[in-house]
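Engineer: Quick one: the structure is below, and I'll ask about it shortly.
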Amino acid sequence: MADRTLQFCGYAYGDVPVQLNAHIDGQVVFSGAVDTRNEPLPTPDINMANAPPLFSVTSSLLSTEFSGSYPMTVTVGTGTGVYLCEINSNYMLGFDQTANVTIPGNATGFLSCFNGAPANSEGTQDPRSSVQIDGITQVPPLVPSLGCWTWGVAQGSTLSHNLNIALGNVAA
């Protein structure tokens, strides 16, 4: 068993540092300023390919023996806002398609924290389900995701959702 680290990828925007506060299952897991782009908050069709980790969380809540979901909130306190996308985890089982082999999890390799098992509240492979922004349900009316959706959260707003996590894997 090992405690996993989750990397929450995305971008923060504003002419002052963006202060984020994140809670998982009611526990503060991150509170601090994140790297910020001195730009206005872009339109929702932003390209999130290769977005860097915005913040990371290591917690006993995230042990490799846990699979399921926790309630999570992220509040944007200052700056203009953030866009959040992929949530990656260490100690996740991987697959090398070129070599056609399974790769055991380890401390330094990061893959998506969720692969659809156990099923989330929407039956998707998104690590976020039952998403709300400032208490307004986002799915539905939007269609369920086919992967990991990107969420824009303006300054002063709170993103809340179920954080879905698959069973971890520690190399023997």
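Engineer: Kindly identify the stretch 22-102 as rounded, prolate or oblate by the Cα gyration tensor criterion: order the square roots of the eigenvalues as a ≥ b ≥ c, call it rounded if a/c is under 1.5, otherwise compare a/b with b/c, prolate if a/b is larger, else oblate.
Structural biologist: Taking the square roots of the gyration eigenvalues as a ≥ b ≥ c, the stretch 22-102 is oblate.
Engineer: Go ahead and set up a Gaussian network model of the chain, Cα springs under 10 Å, then flag whichever of T78, T43, T124 fluctuates most.
Structural biologist: Comparing T78, T43, T124 in the GNM, the peak value goes to T43.
Engineer: The stretch 19-73 to the stretch 80-141: how many Å between their Cα centroids?
Structural biologist: 12 Å
Engineer: Another question, then. Report the relative contact order of the chain, percent, no decimals, based on alpha-carbon pairs under 8 angstrom and at least 6 residues apart.
Structural biologist: 28 percent.
Each value in this text was obtained by applying a stated rule to the coordinates, not by laboratory testing. None of the values given here were measured: they were computed from a predicted structure.
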